[in-house]
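Single-structure report; data block below.
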Amino acid sequence: MNFLEKVGLGKSRSAKDAKERLQLVLIHDRAGLSPGRIEALKDDLIDVISKHVEIDRDLVEITLTKDRDRQRLVADIPLAPPRRRR
Amino acid sequence: MSAKIVTITSGKGGVGKTTATANLGVALASTGASVVCIDADIGLRNLDVVMGLENRIVYDFVDVVEGRCKLRQAMIRDKRLEQLYLIPAAQTRDKTAVSPQDMIRLTDELRSEYDWILIDSPAGIERGFRNAIAPADIVLIITNPEVSAVRDADRIIGLIEAEEKGPGKLILNRVKPEMVRRGDMLGTEDILEILAIDLIGIVPEDEAVLVATNHGVPVASDTGSRAGRAFQNIARRLNGEEVPFESLDGRDGFFGRITRMMKAGGEG
Ligand SMILES: Nc1ncnc2c1ncn2[C@@H]1O[C@H](COP(=O)(O)OP(=O)(O)OP(=O)(O)O)[C@@H](O)[C@H]1O
Ligand SMILES: [Mg+2]
């Protein structure tokens, strides 16, 4: 909150917050995948992929996104640095 | 004559389904159409008090379903509008007393004799909701400009599409223009963008609604209030009339933008 908002002159714009939070929560609602389930999915995915290639577990990211008319699970799976792989 | 069956539903409770059903019933009947309002909220009967007909109830919808009376016997005629009727919900039973097939069978009996059948859905996504949408030709989803109500509306829109009753049309109720203007309430455009659905009406927060409910005379009975006029406009839009969306906040740009958004989204 800036000075103007504190003295009641500016816009507090909580509606903007509401909109952003709604957009995020609806992405999960519509896919039927809660953030917790995505974490579980991520752990499973890491286990499966690790059987084949060494990956950097801490940097794996799974995100639900939406483009025009389709929702997507996007996985970003960085491999372990080359020297550790050998 | 073949009635159009309109179900008013929301997911979240208390957003204005019963108020909207009573007012759309009054507004449609005021134009000379014949209208039957069915209270599908079994166990939590309320449409009767909002319409001011609670003292005239003899039979209810479950009595009809279970064959204790004829459909016509359960229909209560409005005090002012000759062509407006209510079929009350049972108060001492629950939603399982009625099935979606019962709803379809009984509304089919009415179709040939009336212009509109309005169904007031219970809150929730269970049996009562499924009963209410089973016979619908048009589903109106009502919501408030508030995070949880919009979220539930999104869920309902998904379920309605899954039941092939979509796409449905949105009534945004209890809008406070002053809060929208200062950025503290979700605006119509935000909500339409989030829900990706056609709009059929915007109803302002209006004390006249409560006053009218106290008397048992829906606000749409006269044009004296903003909420009453908003419901009358929704009735006209249901009738296929092109009625501009009222600019609640007195800004000129607002109505133009909403109209453009509607066009871009395509009329359903
Ligand atoms: N536009 C409005 N302005 C002011 N008050 C309103 C407005 N619309 C509805 N209300 C009030 O909100 C309350 C809830 O309305 P209503 O009973 O129609 O909701 P509902 O969706 O049918 O609830 P339920 O889910 O319990 O069936 C009532 O007290 C009603 O008077
Ligand atoms: Mg109700």
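Derivation of every value follows stated rules applied to the coordinates shown; laboratory data play no part. On a predicted model such as this, the values are computed, not experimentally measured, just so you know. As a convention, Cβ positions derive from the backbone with ideal geometry for all residues, glycine included, and neighbour counts pool all protein chains shown.
What shape does the stretch A:34-86 have by the C-alpha gyration tensor, where a ≥ b ≥ c are the square roots of the eigenvalues, rounded means a/c under 1.5, and otherwise prolate means a/b greater than b/c and oblate the rest?
Prolate is the answer for the stretch A:34-86, as a/c is 1.5 or above and a/b outweighs b/c.
Kindly work out what percent of the DSSP beta bridges joining two residues of the protein assembly as shown are antiparallel, to the nearest 5.
Once the DSSP bridges in the protein assembly as shown are tallied, antiparallel ones form about 25 percent.
Taking a ≥ b ≥ c as the square roots of the Cα gyration tensor eigenvalues, with a/c under 1.5 meaning rounded and otherwise prolate when a/b beats b/c, else oblate, which class fits chain B?
It is prolate, given that a/c is not under 1.5 and a/b is the larger ratio.
Determine ³J(HN,Hα), in whole Hz, for all residues of the stretch A:13-24 in sequence, where each value follows from phi through the Karplus function 6.51 cos²θ - 1.76 cosθ + 1.60 and θ = phi - 60°; x replaces Gly and Pro.
After applying 6.51 cos²θ - 1.76 cosθ + 1.60, I find 6, 5, 4, 5, 4, 4, 5, 5, 5, 4, 4, 5 Hz.
Which residue, chosen from A:24, B:89, B:171, occupies the Cα position most advanced towards the positive end of the dipole of the protein assembly as shown, where the dipole is computed from +1 (Lys, Arg) and -1 (Asp, Glu) charges on Cβ about the Cα centre?
A:24
Fewest first, what order do A:22, A:79, B:118, B:71 take by the number of other Cβ atoms within 10 Å?
Going from sparsest to densest Cβ surroundings: A:79, B:71, A:22, B:118.
Taking H placed 1.01 Å from N in the peptide plane, check which residues at least 5 places from residue B:46 or on another chain put their amide H under 5 Å from its amide H.
Sorted by chain and number, the residues that satisfy this are B:89.
Report the local net charge at residue A:62: Lys and Arg +1, Asp and Glu -1, summed over other residues whose C-beta lies under 12 Å from its C-beta.
-2
When the distances between all Cα atoms of the stretch B:1-118 are binned every 5 Å from zero, what whole-number percent does each bin get?
2, 12, 23, 27, 22, 11, 2, 0
Across peptide B:145-154, how many C-beta atoms of other chains are within 10 Å of each residue C-beta, on average?
3
Using a/c under 1.5 as the rounded threshold, could you call the stretch B:137-195 rounded, prolate or oblate? The axes a ≥ b ≥ c are square roots of the C-alpha gyration tensor eigenvalues, and prolate needs a/b larger than b/c, oblate otherwise.
Prolate is the answer for the stretch B:137-195, as a/c is 1.5 or above and a/b outweighs b/c.
For chain B, find the longest principal axis of its Cα atoms and tell me its angle to the long axis of helix B:226-238, 0 to 90°, nearest 10.
Computed tilt is about 70 degrees.
Based on alpha-carbon centroids, what's the gap between the stretch B:195-245 and the stretch B:53-101 in Å, whole number please?
25
By the scheme Lys and Arg +1, Asp and Glu -1, what is the net charge of all other residues having a beta-carbon under 10 Å from that of residue B:212?
-3
Tilt of helix B:17-30 relative to the longest C-alpha principal axis of chain B, in degrees (0 to 90, nearest 10)?
Roughly 80 degrees between the two axes.
Taking amide H atoms as placed 1.01 Å from N in the peptide plane, list the residues 5 or more away in sequence, or in a different chain, whose amide H sits under 5 Å from that of residue B:174.
B:203, B:205
Taking the Cα centre as origin and putting +1 on Lys and Arg beta-carbons and -1 on Asp and Glu beta-carbons, what dipole magnitude results for the stretch B:39-83, to the nearest 20 debye?
240
How many angstrom lie between the C-alpha centres of the stretch B:1-39 and the stretch A:31-68?
What the calculation gives is 47 Å, centre to centre.
Which pairs break 23 Å Cα to Cα here: A:19/B:95; B:12/B:95; B:12/B:165; B:17/B:70; A:19/B:176?
A:19/B:95; B:17/B:70
Using the Kirkwood formula on the Cα atoms of the protein assembly as shown, what hydrodynamic radius do you get, in angstrom to one decimal?
Taking every pair of different Cα atoms in the protein assembly as shown, averaging 1/r and inverting gives 22.4 Å.
For a footprinting-style exposure proxy, rank A:52, A:28 by other Cβ within 10 Å, fewest first.
With the sparsest Cβ surroundings first, the list reads A:52, A:28.
Where both residues lie in the stretch B:4-267, what percent of DSSP beta bridges are antiparallel, nearest 5?
Antiparallel bridges make up about 5 percent of those DSSP assigns within the stretch B:4-267.
From the phi angles alone, apply the Karplus equation (6.51, -1.76, 1.60; θ = phi - 60°) to the stretch B:99-109 and give each ³J(HN,Hα) in whole Hz, x where the residue is Gly or Pro.
Values per residue, Gly and Pro as x: 10, x, 5, 4, 4, 5, 4, 6, 6, 4, 5 Hz.
Counting partner chain Cβ atoms within 10 Å of every residue's Cβ in A:13-26, what's the average?
5
Whose amide H sits under 5 Å from the amide H of residue B:199, counting only residues 5 or more places off or on another chain, with H placed in the peptide plane?
Close amide H contacts, sequence-distant or interchain: B:170.
Taking only Cα atoms, what is the 0 to 90° angle, nearest 10, from helix B:147-162's long axis to the longest principal axis of chain B?
Result, in degrees: 60.
From the phi angles alone, apply the Karplus equation (6.51, -1.76, 1.60; θ = phi - 60°) to the stretch B:80-92 and give each ³J(HN,Hα) in whole Hz, x where the residue is Gly or Pro.
Ordered by residue, 3J(HN,Hα) equals 9, 9, 4, 9, 10, 10, 10, 10, x, 7, 6, 9, 9 Hz.
Could you sort B:95-102, B:210-217 so that the peptide with the highest average Cβ count within 10 Å comes first and the rest follow in order?
B:95-102, B:210-217
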